[in-house]
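A.B. asks: Handing you this structure, nothing more for now.
Bear in mind these aren't lab numbers, they're just calculated from the coordinates by the rules spelled out. No experiment lies behind these values; they were computed from the predicted model shown. Neighbour counts run over all protein chains shown; Cβ positions are idealised from the backbone, glycine included.
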Amino acid sequence: MKKIGFIPLRKGSKGIPNKNKRKMVGRPLFTWVLGEAVFSNLDEVIVYTDDQDIIDFIEKEYHWTAKVKALMRSDKSANDQASTEEAMLEFCETIAYDFDVFCLLQATSPFTKKEDINTCLEKLGDEFDSALTVVNTHRFLWNEEGQAINYNPFERPRRQDFKGLLMENGAVYAVEKNALRKTNNRLGERTAIVKMTEDSLLEIDSESDWVAVESLLIERQKRAKQSKKITHVVLDVDGVFTDGTITYTKEGEHTKSFDMRDGMGLEILRQFNIQVMIMTSENSQLVARRMEKLKIEHVFLGVKDKYTLLNQIINEHGVSMSNVAYVGDDVNDLTNICSVGWSFAPNNATDIVKLNADVVLSKDSGSGAIREACQFLMNYNKRF
């Protein structure tokens, strides 16, 4: 059974300019649901967009998986009047409905997890031809005539005794092919419901919504941490190995300064069977040569979506996020900082990273910060 995920993205955004590409906890908003879709039971994930920058980003960032494809949608299906169904049907016709299950995923729902997607897919079968995600809200609702809709105001129930209402959160919709062709809609005629957390009901339509959602995502990532032995250490480069400055020669080449003590600290970690990995957004041959000198085998250059790649790495190595330590200094490290077992920020890191790191080191980047983190991890692992 072929199961296709579909993420429609439009270049324009009225409330928040460039919303889909804007960084939410340090990564583009649309990558939150895309990353979960990659690790779900979907067989293929299509990002359908009129933004060439997004297409280029996906082709570069997700080269390690054949599961993700980015396709250009027509101007007609991307204008302000076009419905999501128009984009869905346009795409389906281009592939002659070559799938068994179609799963619509909304990029503006960053709380979506792979488990939510999988549960929707599992609901389909003899009893249901479609499924959608909902939230059980315990709000008391009224109409404009001043009449209570879902409770008796003279017998106000306690929250724990109140069933509340189920509301669509717009995150995940799954539908079988025959039902989609019959209804031309994201839902069929027999729909199952999948409950998600109440946080997922928040919509991102304003700057205040953005701040609220970002704060909740940060807390969600932190709550998932567990105390486990550290088996892998992942480090950024600029602002971690170096002080973050670059020196250019007249020929245009640049140089970086590295602290020899940091290299020794990483060598000692490897003697304790802790794997060391490098993950940087810069694609620098100078960095590659330095890591070769340090005999670090796992070096990932030019990475923009560090969190999704880190998830792929831990899956390949059979470990969890809580087995990983991470050292980073800037906003593109933020999701990893909030998610791993132990996170470290050099003393001269950006304020947002220092605010959310588990440990703010006493040393600056390029001046012994890595060596200090290595010593901390060696002491921490002794308890295991």
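A.B. asks: From the backbone phi of the stretch 150-158, what are the Karplus-calculated ³J(HN,Hα) couplings (6.51 cos²θ - 1.76 cosθ + 1.60, θ = phi - 60°) in whole Hz, Gly and Pro given as x?
C.D. replies: 10, 6, 9, x, 8, 9, 4, x, 6
A.B. asks: A further question on this structure: Sorted by mean Cβ packing within 10 Å, highest first, what order do the peptides 151-161, 134-144, 260-270 take?
C.D. replies: Ranking the peptides 151-161, 134-144, 260-270 by packing returns 260-270, 134-144, 151-161.
A.B. asks: While we're on this one: Would you mind working out the magnitude of the charge dipole of the chain relative to its Cα centre, with +1 at each Lys and Arg C-beta and -1 at each Asp and Glu C-beta, to the nearest 20 Debye?
C.D. replies: 1220 debye
A.B. asks: Quick check: pseudo-label points 7 Å beyond the Cα along Cα→Cβ at F154 and K182, how many nm apart are they?
C.D. replies: Each label point lies 7 Å from its Cα, and together they span 4.6 nm.
A.B. asks: Now, a different point. Translational diffusion coefficient of the chain at 4 °C, 1.567 mPa s, Stokes-Einstein with Kirkwood Rh over Cα pairs, in µm²/s as a whole number.
C.D. replies: Answer from the Stokes-Einstein relation: 56 µm²/s.
A.B. asks: Would you grab the residues whose amide H sits under 5 Å from the one on R190? Only those 5+ places off in sequence or on another chain, please, with H modelled 1.01 Å from N.
C.D. replies: D129, S130
A.B. asks: May I pose another question? When the label point is put 7 Å from the Cα of E203 along its Cα-to-beta-carbon vector, which residues of the stretch 145-168 have a backbone N closer than 12 Å?
C.D. replies: Taking a point 7 Å out along Cα→Cβ of E203, the residues of the stretch 145-168 whose backbone N falls under 12 Å are 168.
A.B. asks: Report, to one decimal in Å, the Kirkwood hydrodynamic radius for the stretch 232-381 based on all distinct Cα pairs.
C.D. replies: Final number for the Kirkwood radius of the stretch 232-381 is 15.2 Å.
A.B. asks: Using a simple charge model, +1 on the beta-carbon of Lys and Arg, -1 on the beta-carbon of Asp and Glu, nothing else, what dipole does the stretch 232-381 show about its Cα centre, in debye to the nearest 20?
C.D. replies: That gives the stretch 232-381 a dipole magnitude of about 320 debye.
A.B. asks: Count charges around K306 for me, please; just the other residues with Cβ under 15 Å from its Cβ, Lys/Arg as +1, Asp/Glu as -1.
C.D. replies: -4
A.B. asks: While we're on this one: Would you grab the residues whose amide H sits under 5 Å from the one on D243? Only those 5+ places off in sequence or on another chain, please, with H modelled 1.01 Å from N.
C.D. replies: Hits under the 5 Å cutoff: S257.
A.B. asks: What ranking do 38-44, 282-288 get when scored by the average of other Cβ atoms within 10 Å per residue, highest first?
C.D. replies: 38-44, 282-288
A.B. asks: In the structure shown, do any of K11/K113; K19/K363; K67/K177 have a Cα-Cα gap over 28 Å, and if so which?
C.D. replies: Correct reply: K19/K363.
A.B. asks: Which length gain, in nm to one decimal place, applies between A212 and S284 when the Cα-Cα distance is subtracted from 0.36 nm times their residue separation?
C.D. replies: 22.3 nm
A.B. asks: For the stretch 190-221 and the stretch 46-64, what is the centre-to-centre distance using only Cα atoms, to the nearest Å?
C.D. replies: After rounding, the separation between the Cα centres reads 24 Å.
A.B. asks: Separate question: For the chain, what does the relative contact order come out to in percent, with C-alpha contacts under 8 Å and a separation of six or more?
C.D. replies: 15 percent
A.B. asks: Rounded to the nearest 5, what % of DSSP beta bridges with both residues in the stretch 244-384 are antiparallel?
C.D. replies: If I count the DSSP bridges inside the stretch 244-384, around 20 percent turn out antiparallel.
A.B. asks: Run the numbers for D56 and K228: contour at 0.36 nm per residue of separation, minus the present Cα-Cα distance, in nm.
C.D. replies: 58.2 nm
A.B. asks: In addition: Rounded to the nearest 500, what is the chain's calculated 222 nm mean residue ellipticity when only DSSP H runs of at least 4 contribute -39500 (n - 2.57) each, over all residues?
C.D. replies: Rounded to the nearest 500, it is -9500 deg cm²/dmol.
A.B. asks: List every residue whose amide H lies under 5 Å from the amide H of A171, counting only residues 5 or more places away in sequence or on a different chain, with H placed 1.01 Å from N in the peptide plane.
C.D. replies: T133
A.B. asks: In whole Hz and in residue order, list the ³J(HN,Hα) couplings for the stretch 100-110 that follow from phi through the Karplus curve 6.51 cos²θ - 1.76 cosθ + 1.60, θ = phi - 60°; x for Gly and Pro.
C.D. replies: Those phi angles translate into 10, 9, 10, 10, 7, 10, 9, 5, 8, 10, x Hz.
A.B. asks: Run the numbers on the stretch 3-223 and let me know its relative contact order in percent, using alpha-carbon pairs under 8 Å that are six or more apart.
C.D. replies: 23 percent
A.B. asks: Sticking with this structure for a sec: List, in the order given, every pair from K3/K225; K3/K195; K195/K222 whose Cα-Cα distance in the structure shown is over 24 Å.
C.D. replies: The answer is K3/K225.
A.B. asks: Calculate the dipole size of the stretch 3-223 relative to its Cα centre from +1 charges on Lys and Arg beta carbons and -1 charges on Asp and Glu beta carbons; express the result in debye to the nearest 20.
C.D. replies: The dipole of the stretch 3-223 has a size of about 600 debye.
A.B. asks: Let me ask something else. Karplus couplings for the stretch 133-143 from phi (6.51 cos²θ - 1.76 cosθ + 1.60, θ = phi - 60°), rounded to Hz, Gly and Pro as x?
C.D. replies: Couplings: 8, 9, 10, 7, 9, 9, 7, 8, 9, 10, 9 Hz.
A.B. asks: For the chain, build the charge dipole from Cβ charges (+1 Lys, Arg; -1 Asp, Glu) around the Cα centre, then report which of I58, N347, G146 sits farthest towards its positive end.
C.D. replies: Working it through, the farthest residue towards the positive pole turns out to be N347.
A.B. asks: Here is a follow-up. If you take every DSSP beta bridge fully contained in the chain, what fraction is antiparallel? Give it as a percent rounded to 5.
C.D. replies: Restricted to the chain, the bridges split so that about 30 percent are antiparallel.
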